[in-house]
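Computed from the coordinates by the stated procedures, all read-outs in this text should not be read as laboratory data. Bear in mind that the values here come from a model prediction, so they are computed numbers and not experimental data. Cβ atoms come from the backbone with ideal geometry, glycine included; neighbour counts cover every protein chain shown.
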């Protein structure tokens, strides 16, 4: 395993691989998928763990600059000291994948993993202000910057979000930070069908409650309210008035935190084995997709982002689900990617959602070629 | 330094003008083609009026298929295409060249679908920004990006320049509010590109397209995110007698964890002109902050009290919260008409550099010093909450020497923004205006990487080719018709 200490080391490694025409696997802390297990066995692994510093943090200007190998907990600790946060609430699914290791910020950005707060604050890609990376020609490239508004040239920083390291080795990332809300509480609606859950989501998202989390699992709906005390009280009152036929429970403090911790670690799936899919979909189609999945498979379904994201855990013994999930997703104009599986072949094929349209496929492949002409990085295609 | 250059017209193209017009007319119908010099002159410039050049022809497209046909013909003849929405670009984004065809989205004005369950609206790209919000207001929603030119500017241009506006401090800019687009590619294919909202299949192409200044394809339709209207909103005006202290106040408010919807800044020269124009009741001071918060009355009062407490520590000369809806509207009318009002009393160059908020006081000081050094007045009116500066350099456009001086001062101010960790453009785009400064913010290999992305979408370099990248940097590609 290669352990570069700075960007010069990385450039040297890439140039050497280019000369030898061999491949590289980029690795953070292995908190997600063990890519090494999936890809070319003979390629070298480049570990980003030594590039792990927070380089600059300006709370007053709402941004933080960190090296790609910096751990999420280190960044969160730094922000916490100034009562700030990463507002896309990065997901940490390492435990649910039985890899009890700490995600790096590079891994989170490369896989565009955003949590429940995305429903209000936008996703990881919306919070990446700038990146530095080494492309497949060994060139050091910067894009974006440290400011929230920027239309100076093409935005290659957002392009790197969700590219799975296929367009270059991220070395440094600038992320937008946000002040933490003064107060947060959870509203729980117990024992609801998925259709009722969607009804609740549609109602609250269609009103100015500024819901910062809207999830559904094990037949319960959870909504998160964030803001100043006075805002929480007013909004809660309005929700109660308009939904007086629903019985609700208010959850605060540690219990409230546990709920969102579960939502963003998928810990409610711990101990359940099987293939885990993340499906991005229009909320209006999520109920029907859910019932179709259930009619095909023995599955555990949960929702996030007010129905904009469905997690389907297909229980073991249903190994041939990938083709069907793909087909169902297409039917409902949804996008599916596989987060976890025992089937390495499926994982390799579906961890990155690929476009179906031929022209889009061609554009994607051409972009990959421009950044990595010799195909030395993780290849999603 | 000299005036901004544009490439010389390709005589080969001009000699084929009749043939091209005939092909376009045959494909689209002659009524959609403008080619007489008396008419093409209406398209000679956008809002960067110092630079003008009528195009060879203009195509007024009525649907995506029209755009596709026009693009196919232009690609076949290797003619540069200039996408144009309402022509409100301040950076020369839709400035034509003599040998180009302008592809206009001005007739694509329909609302196609309102979907309140999925919180989106699908529109044709030539619809004005304000009409999008108006279309969903009755349902209790609005479209968040609100450029000051929102009465005139259209969605295709907003996407091209990743437009923001006063309220994007809270709600983000166009890229954060765009769900999908229909784009005509260089091959004349009409492509649906989605969805950056949750997860997209393949690379996040929308993030490239948004802010690409019409260099990757032509957007004909867009699906936009709509948000629920707040119960209410109210601004407070806070005046200081020192620009740097006002800058400090902005940083303090942000750091305190308050996140207003908008924090706008205006200096004395600007206040005076706007006051004459809009009678908005602005206090006379060196630096005015307009800060807006949202919620019901009780919530608004609570937040305004917190803001007042922070602002008071810095000894403002005046602090006045709006008391009514009418007063709020008037305050915003003044702010949004600032550019127009300034244009009535003086020629100006409007800059768009953006800096980290913590660097606002230093940058304001730099601008003041540079203004003195060049002997040209600079008025400041901008989005302080996100560091997006809009210094207006006042000059006499009929005096060539003074124009050159003003452009040089503009370049110096933008470089000062870059030096403190900022960028050349926050929301107006690079266009031609900042094109030649790109090498100051980016290394050549960075620009090369960006151009390689353009190569994918536009192998012959015909979509808005002389913009964004310095002419010398893009020369090989433009002259060879791609790499």
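Each Cα pair under 8 Å and six or more residues apart adds its separation to the average, and for the range A:140-297 the resulting relative contact order is 22 percent. Given axes a ≥ b ≥ c from the Cα gyration tensor, I'd like to know whether the range B:175-286 is rounded (a/c under 1.5), prolate (a/b larger than b/c) or oblate. The shape class here is prolate. Computing Rg and the Kirkwood Rh from the Cα coordinates of the range B:382-483 gives a ratio, Rg/Rh, of 1.02.
What are the equivalent ellipsoid semi-axes of the range A:258-381, built from the alpha-carbon gyration tensor (square roots of five times its eigenvalues), in whole angstrom, biggest first? Its equivalent ellipsoid spans semi-axes of 27, 17, 15 Å. Which shape class, rounded, prolate or oblate, goes with the range A:64-183 when its Cα gyration tensor gives a ≥ b ≥ c as root eigenvalues, a/c under 1.5 marks rounded, and past that a/b bigger than b/c marks prolate? In terms of gyration-tensor shape, oblate. The ranking of B:363, A:142 from fewest to most other beta carbons within 10 Å of each one's beta carbon is A:142, B:363. Using every pair of separate Cα atoms, the Kirkwood estimate puts the hydrodynamic radius of the range B:216-361 at 16.5 angstrom. Using the alpha-carbon positions of the range B:64-161, Rg (one decimal) and Dmax (whole number) come out as 15.2, 48 Å.
Compute the Cα gyration tensor for chain A, then decide on rounded, prolate or oblate, letting a ≥ b ≥ c be the square roots of its eigenvalues: rounded whenever a/c is under 1.5, prolate when a/b is larger than b/c in the other cases, and oblate in all that remain. Since a/c reaches 1.5 but b/c is at least a/b, the shape of chain A is classed as oblate. Across every pair of non-identical alpha carbons in the range A:293-345, the mean reciprocal distance, once inverted, gives a Kirkwood radius of 11.8 Å.
Extending 7 Å from Cα along the Cβ direction at residue A:294 and again at residue A:77 yields two label points whose distance is 4.4 nm.
Scaled against 2.2 N^0.38 Å for its residue count N, the alpha carbon radius of gyration of the range B:1-139 is 1.18. Its residue count N fixes a reference of 2.2 N^0.38 Å for the range A:1-113, and the Cα radius of gyration divided by that reference is 1.16.
Note: relative contact order over chain A, using C-alpha pairs below 8 Å and six or more positions apart, is 17 percent. With 0.36 nm allotted per residue and the present C-alpha distance subtracted, the residue A:191-residue A:43 stretch has 48.3 nm of extension available.
On full extension, the segment bounded by residue A:244 and residue A:375 gains 41.3 nm, given 0.36 nm per residue less the C-alpha separation.
What residue among A:108, A:367, A:251 shows peak mean-square fluctuation when chain A is described by a Gaussian network model with Cα springs under 10 Å? Fluctuation is largest for A:367. At an R0 of 25 angstrom, the distance between the Cβ atoms of residue A:199 and residue B:137 translates into a FRET efficiency of 0.55.
Listed from fewest to most Cβ neighbours within 10 Å, the set A:158, A:361, B:454 follows the order A:361, B:454, A:158. Based on Cα contacts under 8 Å between residues 6+ apart, chain B shows a relative contact order of 14 percent.
With all distinct Cα pairs included, what does the Kirkwood hydrodynamic radius of the range A:264-321 come out to in Å, to one decimal, could you say? Can you show the working numbers first?
Numbers: mean 1/r = 0.0857 Å⁻¹.
Taking every pair of different Cα atoms in the range A:264-321, averaging 1/r and inverting gives 11.7 Å.
Please report the spacing between the Cα centers of the range A:288-340 and the range B:403-423 in Å, no decimals. Result: 52 Å between the Cα centres.
The label-point distance for residue A:15 and residue B:25, in a model that sets each label 7 Å from Cα toward Cβ, rounds to 5.9 nm. Just the number, please: Stokes-Einstein D of the protein assembly as shown in µm²/s, Kirkwood Rh from C-alpha pairs, 10 °C, 1.306 mPa s. This corresponds to a translational diffusion coefficient of 57 µm²/s. Relative to one another, the C-alpha centroids of the range A:174-199 and the range B:1-71 are positioned 51 Å apart. Expressed in Å, the radius of gyration and Dmax of the Cα atoms of the range B:284-350 are 14.7, 44. Placing pseudo-labels 7 Å out from each Cα toward the beta carbon at residue A:331 and residue B:12 gives an inter-label distance of 5.3 nm. For the residues A:346, A:244, A:92, a GNM of chain A with alpha-carbon springs under 10 Å puts the largest fluctuation on A:244. Please work out the C-alpha center-to-center distance from the range A:245-273 to the range B:198-274 and express it in whole Å. The range A:245-273 and the range B:198-274 have Cα centres spaced 34 Å from each other.
By the count of neighbouring beta-carbon atoms within 10 Å, fewest first, B:455, B:267 end up ordered B:455, B:267.
Seen against the Cα atoms of chain A and their longest principal axis, helix A:253-265 is set at about 50 degrees.
Viscosity 0.890 mPa s, temperature 25 °C: give me the Stokes-Einstein translational D for chain B in µm²/s, with Rh taken as the Kirkwood radius over C-alpha pairs.
106 µm²/s
Compared with the rule-of-thumb size 2.2 N^0.38 Å for a compact globular protein, the range B:127-231 has a Cα radius of gyration ratio of 1.04.
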